[in-house]
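Worksheet: one structure, shown below.
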């Protein structure tokens, strides 16, 4: 599994850590996460609650948000310890390099599953109205807006998995990303970005 490495990886400091996406066997996510945590790795297994009917009663279960996937923060030198963990199939790659999640992507998912939100899996989306949460526990988080049963949901895409999750948000707490960016600039700031000729034309029309 690790016999072929790119120059970028072989030159990388073995002590440097990164967040890797790990692909596991079916229904082995929790077991693999517990074993890797015992090895000293920082493991993030996003879970969400689901109600399942069992005979004559209903039970609440915590199940993986992304079945067969979890995230591990570890040193490059420890990759063999990860891949040899029972229940682990592989570390995802992009070409010859390991596919890494950015710390910001991990924090976004952690805030979603740790907060008092209704999180659930969602079909992967690559287009749609992109919004940013402007207040509350998810302030600053960006995603794609969808509507489900008269409720607004923020879709958080995980590109390297081609998977996504959605979290319920209040329509009053979100704003289109383009509009958020526009609020960052005053009319005078925008004028400074214009060519000189256009600035004179705008000034003349205002007069």
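Bear in mind that the values in this text are calculations on the coordinates, not laboratory data. Just so we're clear, the structure is a prediction, and the values are computed from it rather than from any experiment. Positions of Cβ are generated from backbone atoms using ideal geometry, with glycine treated the same way; all protein chains shown enter the neighbour counts.
Pairwise Cα distances in the stretch 16-101 exceed 18 Å in 43 percent of cases. Taking the centroid of alpha carbons for each part, the stretch 96-110 and the stretch 119-181 are 18 Å apart. In this rough spin-label picture, where each label sits 7 Å from Cα along the Cβ direction, the residue 50-residue 30 distance is 1.3 nm. Multiplying the residue separation of residue 135 and residue 38 by 0.36 nm and removing their Cα-Cα distance gives an extension gain of 31.2 nm. Spin-label pair residue 97-residue 23: with each label point 7 Å from Cα along the Cα-Cβ axis, the two points sit 1.9 nm from one another. Gain on full extension, evaluated as 0.36 nm per residue between residue 59 and residue 162 minus their Cα-Cα distance, stands at 34.1 nm. Applying 1/(1 + (r/R0)^6) with R0 = 30 Å to the Cβ-Cβ distance of residue 77 and residue 124 gives a FRET efficiency near 0.40.
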